[in-house]
1. Between C:Arg114 and C:Leu175, what FRET efficiency comes out of the Förster formula 1/(1 + (r/R0)^6) with R0 = 35 Å and r the beta carbon distance, rounded to 0.05?
2. With n ≥ 4 as the cut-off for DSSP H runs, can you work out [θ] at 222 nm for chain A, using -39500 (n - 2.57) per run divided by the number of residues, rounded to the nearest 500?
3. Take the cross-link list B:Lys133/C:Lys179; B:Lys100/C:Lys44; B:Lys22/C:Lys179; C:Lys116/C:Lys137; B:Lys22/B:Lys67 and give me the ones stretching past 21 Å between alpha-carbons.
4. Fewest Cβ neighbours within 10 Å first, please rank C:Glu102, A:Glu99, B:Glu113 accordingly.
5. What is the order of A:Phe648, C:Phe87, A:Phe202, A:Phe470, fewest Cβ neighbours within 10 Å to most?
6. What does a probe at C:Asp58 reach in segment C:1-45, counting residues whose amide N is under 14 Å from the point 7 Å along Cα→Cβ?
7. Between beta-carbons, use under 10 Å as the cut-off and find the net charge around A:Asn179, counting Lys and Arg +1, Asp and Glu -1.
8. Considering only the other residues whose Cβ falls under 12 Å of the Cβ of A:Met240, what net charge follows from Lys and Arg at +1 and Asp and Glu at -1?
Amino acid sequence: MSPSWLRELLLGARMALAGGRSGLARATLTAVGVGLGVAMLLAAVSIPHMMQARSDRGAARADQNYGTQVARTDRSTLVGVADMQYRDTSFRGRLVQAEGSQPVLPPGLSALPRPGEMAVSPALARLLVSPEGALLRERLHYPTTALIADEGLQGPGELAFYLGTDTLTADTSGVSRRNAFGDENTSEGLDPVLLLLVVIIFVVLLLPVAMFVASAIRFGGDSRDRRLAGVRLVGADTGMARRIAAGEAMLSALLGIAAGAVMFLAGRSFVGSVELMGISVYPSDVQPDPVLAALIVLAVPAAAVVVTMLSLRRVLIEPLGVVRRGADTPRRLWWRLLMPALGVLLLLPLVGSVSKESEGFSEWQVIGGVCLILLGVATLLPWLVQSVVRRIHGGPVAWQLAVRRLQLDGSMSARAVTGVAVAVAGAIGLQMMFAAVEANYQRFSGQDSTRAQISIAARMPHGWSDAAGFAARLAATPGVTSVTPRSVLSLNLPASPSGEQASAPLTIGECAVLRRLAELGDCADGDVFLVDNPDVPVPAPGATVTLNEEGEGATWTIPSGARTVRPLSDPLNGDTVGLLATPAALPVAIRDRPDLQLQALVTVDAAATDTVDRVTNTRWELDPLGTTWELNPTVVDNKFAQIRRGLFAGAAATLLLIGASLLVVVLEQLRDRRRLLAVLVAFGTRRRTMSWAILWQTAVPVVLGLVLACAAGVGLGAVLLRIIGAPVAIDWAGIGVVSALAGGVILLVTGLSLPVLWRLMRAEGLRTE
Amino acid sequence: MSIGHSFLGLLEGRPRHGYDLKRAYDERFSPGRPLHHGQVYATLSRLLKNGLVVVDGLEPGEGPERKRYAVTDAGITDVQSWLSQPEKPEPYLQSVLYTKVVLALMTGRPADEILDVQRTEHLRLMREVTRRKTGGDLAEQLICDHALFHLEADLRWLELTAARLNELAARVRP
Amino acid sequence: MTEPLLVGTDLFKMYGTTPALRGSSLTVRAGEIVAVMGSSGSGKSTLLHCLAGIVRPDDGTVVYAGRQISAMSDVERSALRRRDFGFVFQFGQLVPELTCVENVALPLRLDGVRRKEAERRSREWLDRLEVGDVAGKLPGQISGGQGQRIAVARALVTEPKVVFADEPTGALDSLNGEKVMQLLGQAARDTGAAVVLVTHEPRVAAYADREVVVRDGASLDLERVA
Ligand SMILES: Nc1ncnc2c1ncn2[C@@H]1O[C@H](COP(=O)(O)OP(=O)(O)O)[C@@H](O)[C@H]1O
Ligand SMILES: [Mg+2]
């Protein structure tokens, strides 16, 4: 770089700050705008590290053996899963018991809690002493003797506890023996379809942010052009003017990066105290990926210079003023179509190649293709706005003012709307993909929540003979209206002639209970029924079956009097299958098996509150290792639900950000026209007329942008659906919601700019400076 | 001196009778202030005496009006030299108005009133001239404009003087 | 003499701590052209804004056709400006994205006249002001003199009772300035509109029937002095 180059760049940088209060305001605005974008980008590139840290800590505390036998040593610790739900939050609970003198410790503990004492996470400790935790306090009434340290938790807001006990045995189901905590490969990775979704979400959310940064760099472009004209007047040539502009842009960008870093750090320290969608994050986990962060720091100033140069291409800066070129030159279409076409070409080879089971895919190809399609929206929109607006004539005064303004300088408004259009196009494409993928990840559970609302599982120490007592305890819980107790065991059927070993469930219960499961007809204690359901074949009466459970393999001969009956639908499992037996029909070895699991369906009084938590409290006393769950017709895969929630939160944030930049553009335009507004007021223009003009002026490009965005979004969605091999279906509801969101942003922007409009529509503007 | 030169210029186009000359002059150069017959006679006889015009024809009767005049070569040369000679710019420093203002200041009378009255009078005249101008043809407009610019110059001087009266007062008062 | 049409009495106006008007009075009769003169910063524009109901004076009254403007609501004053007043400013008054004829038609359309009719009447006025040939052009494509004539046409198209002109020739050379003043004066007399003409140029003021001088925010009605 020659010294004169450097001088001009520095001069530009100084000019960015010169110009008194308005100059400072302009520089601040750009810095804040760029800063917001940079902060969002930094946050985005911090997500990989954040996820990694969370999953590392998750793996470090893994304690499940999944059936693997572990030898007892001096260091053995028994761990029982006691996960539970309180109100809407599910959280992690463990019963722990030392088997030797030096038990291994889960991360975050310095000693195992003694029997009857517990260690809790800070968030749980707070909940337990708060009024909201009253019911939970009844359940976890044990003295808290320690807090779980950060390394044992996923985030600062996580609820978790370790309860010391001495009642666990290694062979109980749900109990694992550990000689060390942690597991290399416990965390499930995302399958390719979900990974594709995540990659696209990132592109769809970050591309508009990047465009927002670009438009923030252009804040104050008009006054900058005027300033450059002044510089030309005192003898700068075109090249010098451009370098001065570049210097200005670079300084704004650097200020923006600094502002972004500050906002990012501020946001990071704040992040520890918020919990979004059940996820809380330690500030120390939020660390930008160094390579990507360096890329941002280099790319933003470079982009600033490029954007400035591009914007100067259409402007002729003459010593006596600024001439805008190309207001009449029609924009060419072909190269604008090139981009989306290239994007589709990039994606087409992937068609049908990504599925839940497939190996993976080229992420860069996907990112490139999606980016090109979405950038196509950005390049096509100015052309579309110009072509359409040129053909509009007539209408009321406000409409005429707006249309004419767009005809004269449509690119300005189009540019501002581009971000919205890109975000909407991406969101629609994603929405389509979601609708298709959702079906795969949403299991239809077959549960009928109208006939029972809660299902309980609890071990009965003395087998079925405890059933009546357990049921009575549950029924006595406030809010409970009925309890239907039963147990289910798995039976090995005699091998079929082809040698296949089949199994079938055996349901134990009183006649009244069994009657709900099948069309029994007559029933007395001692009866056995075979359910005629083609899904699960059952043995003939007189056959001998073996118990297919841990421990001993007790056998049972099905009484010859067993009748075949037709199934009924069960609230928990759908149509009944297998064998049904009344207690007296079974041998004691089976019926009173220790730790036989009670399954109880509970109905509740809809008017009572907190019944689920009260029932859980009762169940906890009966068996801490048991489970309580509410019946739901559908179960959404948890991971999928989180991605979806993430998308909506991100889309809302992105649209708001873009709304902010739109607002700045509108305000800037208004301020530029201050004198004209005052003249219009002088000859009696109503506020209403001007307000409508502003609304139309924003709404027309937005509507055009939305139309284009819908088309591009549907196109993108179609390609994505083909990639995952799903049939193409247009998700009109999704399009409606996303468009409505974007429309809302426009109304918000117009609404926020009106007070400024009204303030400017005063006589002060008539004053000639 | 300019009436003679104007006559010569008018005769350059074609020979004219005396009455014709007077009418043409009145129309072009002095609308609203016609020449006296005596002025016309005196001017024409001076031009004849100097050989700048000759009598070209006679109509029956007496007086210069009856004679037709034509310009001589000497006359054409004379117009030419008159046209090429710049007018001497008039420095109006010793104008009556200045004298009045200074006198007023010296004698302690309100000088700004003199200026205001003068200003009103100037503007009144300007309005009159402007009115004549808007009704007239191009020639009339140009003549009026000349007057207007002069009046405007005076007005500017009046305004400037009004703004600097205090300064002036400090100078002229002993 | 005819009844006064617009009377401003003892007008005071402060901008922050800057006094812009300090007891200014002005009477305008129907159909007359009044020049408001004075050096720059003396308060001419402020006086005009007060008289036209654009700015509310801090003290004093403005009465138009028997109605007190300073007591009217913003909506009433806007309507009054739309119907009874016309405006010509020094520069920057044409809406840059509207063609000349659309600019002239704007006040009519604001008052609810249909577009066709408004543009027909506007064209007549453009012809009258000898700028009919630029009707379809944008303000950025015409000369300053033509622009001011468009502005004059726009001020007169509603056939207002009073036209307020603030330095209408301030940005023009003298020939164009003369032309604009001639056309404005002529058109105003033809339609019987009164004109309040703010200017510091005596030659422009000479188009008026009489003049008022503003000095330091106070106006001096010369006719009464004389
Ligand atoms: N909107 C305003 N805000 C502050 N001061 C103003 C405003 N308008 C006018 N002024 C001040 O009021 C005084 C008179 O202004 P103005 O009426 O525009 O004078 P003129 O038109 O004669 O040049 C000046 O000192 C000017 O600075
Ligand atoms: Mg002014």
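1. Numbers: r = 38 Å, r/R0 = 1.08.
According to the calculation, E is roughly 0.40.
2. Details: 19 runs with 392 residues, N = 769.
For chain A, the value works out to -17500 deg cm²/dmol.
3. Details: B:Lys133/C:Lys179 12 Å; B:Lys100/C:Lys44 30 Å; B:Lys22/C:Lys179 33 Å; C:Lys116/C:Lys137 18 Å; B:Lys22/B:Lys67 13 Å.
In this structure, B:Lys100/C:Lys44; B:Lys22/C:Lys179 lie more than 21 Å apart at Cα.
4. On the way: C:Glu102 23, A:Glu99 17, B:Glu113 11.
Ascending Cβ contact count within 10 Å gives the list B:Glu113, A:Glu99, C:Glu102.
5. Numbers: A:Phe648 14, C:Phe87 25, A:Phe202 17, A:Phe470 22.
Ranking A:Phe648, C:Phe87, A:Phe202, A:Phe470 by Cβ neighbours within 10 Å, fewest first, gives A:Phe648, A:Phe202, A:Phe470, C:Phe87.
6. What the label zone holds, given the 14 Å backbone N cut-off, is C:11-24.
7. Details: positive: A:Arg72, A:Arg75, A:Arg177, A:Arg178; negative: A:Asp74, A:Glu99.
Around A:Asn179, the surrounding residues sum to +2.
8. Numbers: positive: A:Arg7, A:Arg232, A:Arg242, A:Arg243; negative: A:Glu8, A:Asp237.
Within the 12 Å Cβ shell, the charges total +2.
Bear in mind that the values in this text are calculations on the coordinates, not laboratory data. Not measured: the values here are computed from a predicted model. Virtual Cβ from ideal backbone geometry, glycine too; neighbours counted across all protein chains shown.
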